[in-house]
Amino acid sequence: MNCRKVRRLLNDKNSINNLDLIRHLKACPSCAREASASELLASALHQELKAQPSPETPLNIVRAKVEAMSKQKLSRENTIMSHLILGFNRRPRLLAGFGLALMVFLFVTLVPFPYTRTVGYAVSFEKIGNIGGFAPEQLSNVLGAMGYNDIKVTLNGGDFKIAGLPTRQAAREAALAFQKLTGITAEPIISQVTQRVSGSLFAQVAEKQRKIEIDAAGMSNAEIENAIMQKLAEAGYQAKVSVTTDASGERRVSLEMSRQAGDSLQQEQITIKNLGNGPDSDKIGIPLPIQVKVETEGKTDAEIIQEVKDKLAAEGITNPEVTVTVGPDGKKRVEVKVQKEEHR
Amino acid sequence: MSKNQMQAVSEKFWKLLEPIHSKAEGFCRRLAGNRDDGDDLYQEAILAALAKFGTLRDESAFKAWFYRIVVNGHKNHRRLPWWRRVIEQIGQGDNDIGDHQSHDPSEKYAARRYLEIALSALKSNERALIVLYELEGWPVADLAELFGSPDGTIKARLSRARQKMRKALIPLVPQDEKNKRREDGYELPESSATAE
Ligand SMILES: [Zn+2]
């Protein structure tokens, strides 16, 4: 048996009793080392299987947490998710026997739904007064050596604060390091640092192909504009894009998208405002318009409404308000409002 | 859809989640490497699943559908380097995924440390595959459904993942341990030993 075959057998966990394999391992230190690593892995997996799992969170508690998260998302300031008017062009009946298929373009405006997520932890010691012979940089250095970079250490009127810690454990370690360095025995206060993250129910609903995503980290505004335009073009949209950065460092993307639909050009303006400075703030997601096709010939308004609702439901939009009106030009208009549930 | 109908849809979701809740939560914790991150992952997966629940056609496919959302969610999660996760686990009982039987703390964490180092050599999808197969006991056929690949592909991926994990552990094979194992673990049966 050669080494290659041995390595292959080692990937299969049932081959440990293979005699040829054992013979080879006796003679070949390199493969024997691989085999020991295999054993280490098998034993680690075995230990993990034997371990008593942590207690599960009761489902009603999970539910309460998730519903609280969802409520945050649906907060008042973002009530209007999208509002759009779709034009139904009643085309002359040119082709007899050919059902009139009308294209309905539903352009969804992305209004970010900020919600809160934990991005880190901070430790504070309150009212500890003067700490003689201690410089905050000392602690930064120690924490840096522990692998925690970008830590902010501040001493403000007797209150001491360490911010920018990635985990609760890091916060505990930092508190301990501070106590060791200063001899202060006061109890640390560990708090979560939360961040508002932009997100969108529609962005979540949208399948991959209906959403373009750009990681704008390290890109200039002009580069982002180009990247967005290119991706939209690939998806069949023409777009005018402008990316600006405001005084607070927040980036705004505005775009005008259009797509040839029959003989009319649909346009929509989208403004995306990036929120926060967290790890995801460089990700730009743009949902593409959702397209629904409805046959209207010989149907009552109520039937049209029902069909639009059914098709939207199939796209994951479960709560649209659909109305059909006849405009002064005699054209039917379908109006779709997507409202979010109000929780308060 | 009226508010009542939406309520009913949501109730249905939670009803479908109930029988798999315990397993799914445990899976998220193992996938994330610790309890807090796992619970976050789980909640975010539920939120995402609720938002697209309307697109689920076949309720009997709920489990695979939900797990797929978890796996995708994990892929997008920011991951900590393995040593950071190990530090987090050591001495942090309340964020641990589970209790190992041993009372010796060094031994108690050794297995998890080895496992975490090995798992860290894997890509997100591979990690999910190994955790489901080795720790959650999913059969290959179920994994094939979840990942949308044929059985053979799943088996090949498992094998490749095991190889990556093994390679990650090689530097941790102790020199003397290796010799000990050569003597204890791979002792040949009398007959074949003499035959050589
Ligand atoms: Zn060999």
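The base-10 log of I(q)/I(0) for region A:114-201, evaluated at q = 0.10, 0.11, 0.12, 0.14 Å⁻¹, reads -0.26, -0.31, -0.37, -0.48 [Debye formula, identical scatterers on Cα atoms, solvent excluded]. Note on A:Glu234 and A:Glu321: their simple-model spin labels are 3.8 nm apart, each label 7 Å out from Cα toward Cβ. Interface size, chains A and B: roughly 6700 Å² of accessible area buried, both sides included, 1.4 Å probe, rounded to the nearest 100. Applying 1/(1 + (r/R0)^6) with R0 = 25 Å to the Cβ-Cβ distance of A:Lys127 and A:Thr194 gives a FRET efficiency near 0.50. On a per residue basis, the convex hull of the C-alpha atoms belonging to region A:3-50 measures out at 65 Å³.
Leaving out ligands and nucleic acids, note down the accessible area per residue over region A:3-50 with a 1.4 angstrom probe, in whole Å².
Working: 2430 Å² over 48 residues.
Normalised by residue count, the accessible surface of region A:3-50 is 51 Å².
For the residue pairs A:Lys5/A:Lys50; B:Lys52/B:Lys75; B:Lys63/B:Lys155, the C-alpha atoms sit more than 28 angstrom apart in A:Lys5/A:Lys50.
On the basis of the beta-carbon distance and an R0 of 51 Å, A:Gln179 and B:Ser149 show a calculated FRET efficiency of 0.45. Search the structure for amide H atoms under 5 Å from the amide H of A:Val119, placed 1.01 Å from N in the peptide plane, and list their residues when 5 or more places away or on another chain. Result for A:Val119 returns A:Val193, A:Thr194, A:Gln195.
The values are calculated or read from the model by the stated rules, or taken from the named source; none is laboratory data. Given the structure is predicted, the values throughout are model-derived calculations rather than measurements. Virtual Cβ from ideal backbone geometry, glycine too; neighbours counted across all protein chains shown. In case anyone asks, the SASA skips ligands and DNA or RNA and just uses the protein heavy atoms, side chains included. Shrake-Rupley method; radii C 1.70, N 1.55, O 1.52, S 1.80 Å.
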